[in-house]
Amino acid sequence: MKFFVDTADVPAIAELHALGMVDGVTTNPSLILKSGRDILEVTREICALVPGPVSAEVVATEADAMIAEGRKLAAIAENITVKVPLTWDGLKACKVLSGEGRMVNVTLCFSANQAILAAKAGATFISPFVGRLDDINMDGMELISDIRTIYDNYGYSTQILAASIRTANHITQCALIGADVVTAPPAVIKAMISHPLTDKGLEQFMKDWAKTGQKIL
Ligand code: G3P
């Protein structure tokens, strides 16, 4: 499973990248706002750091304008993935931009039917939002599972990029289902390492080692 980092925070991306944990990056208008950076400048910086796909989202709502924005974003670097919303205009933009050989991430997916439409429009990635479905008392992970089954039934090549990931357990569930990619905030990726028995075990080893009076270096 590939890990994308869901942030426009360059130092946070760099820290995880140094550990080999970053296969790509996803951003959106809310994350650009949070970064306080200029979209073109920060996206260029991220693309220079991470060789994998870097999603940059269009903000127009009409297809022609989305296509124009998508082309401008794609000109930033080879590894830009143009992110478009799951609307008919977004799908039209997806069809045109993917037809030009660009990577397209169709975002704000909340149903299996939407995911089918995105695959047929040539999406490279579909982004189902797990956490936001859980927020309204629905089952985000069931959507990931349904899309996996449907895409496998028909051999769609669109990759499932599980988004709106809020917990480390979401990542485990996505891996078990077979999502191609998860995109998660840096804090959630870091939370994957936590286990109280690891902490407790290490503490005991350190205590016992101190009692030996030995040194390795
Ligand atoms: O990639 C989309 C993601 O950033 C949405 O996450 O937590 O705002 O629902 P969230």
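Restricting segment 143-200 to residues that are among the small types (Gly, Ala, Ser) and in contact with a strand residue (DSSP E or B) (Cβ under 6 Å, 6 or more places away or on another chain), which is nearest to Val10 (Cα to Cα)?
In this case the residue turns out to be Ala184.
Return the pair list, or none, for Cβ contacts closer than 6 Å from residues in segment 117-143 that are over 19 Å from Ala175 (Cα atoms) to residues that are within 13 Å of the ligand (Cβ to nearest atom) and of a type in the set (Asp, Glu), at least 6 apart or on different chains.
Once the first residue is over 19 Å from Ala175 (Cα atoms) and sits in segment 117-143, no partner that is within 13 Å of the ligand (Cβ to nearest atom) and of a type in the set (Asp, Glu) comes close enough.
Against the definition (within 16 Å of the ligand (Cβ to nearest atom) and closer than 23 Å to Gly52 by Cα), how does Ile76 come out, yes or no?
No.
Out of the residues in segment 1-59 that are away from the ligand (no atom under 12 Å from the Cβ) and of a type in the set (S, T, N, Q), state the one that is farthest from the chain's Cα centre (by Cα).
In this case the residue turns out to be Ser35.
Condition test on Gly131, is it within 13 Å of the ligand (Cβ to nearest atom), in contact with a helix residue (DSSP H, G or I) (Cβ under 8 Å, 6 or more places away or on another chain), among the small types (Gly, Ala, Ser) and more than 18 Å from Phe3 (Cα to Cα)?
In short, no.
Is it the case that some residue within segment 107-117 is more than 15 Å from the ligand (Cβ to nearest atom), among the aromatic types (Phe, Trp, Tyr) and more than 19 Å from Ile67 (Cβ to Cβ)?
no
Just a yes or no: is a residue in segment 197-212 part of a loop (DSSP other than H, G, I, E, B), more than 16 Å from the ligand (Cβ to nearest atom) and farther than 19 Å from Pro53 by Cβ?
For segment 197-212, residues part of a loop (DSSP other than H, G, I, E, B), more than 16 Å from the ligand (Cβ to nearest atom) and farther than 19 Å from Pro53 by Cβ: absent.
Might you let me know whether segment 134-156 holds any residue that is closer than 24 Å to Thr43 by Cα, within 13 Å of the ligand (Cβ to nearest atom) and in contact with a Pro (Cβ under 8 Å, 6 or more places away or on another chain)?
No, segment 134-156 contains no residue that is closer than 24 Å to Thr43 by Cα, within 13 Å of the ligand (Cβ to nearest atom) and in contact with a Pro (Cβ under 8 Å, 6 or more places away or on another chain).
Rule-based calculations on the coordinates, nothing more; no lab input. Small disclaimer: the values here were computed from a predicted structure and weren't measured. Cβ atoms come from the backbone with ideal geometry, glycine included; neighbour counts cover every protein chain shown.
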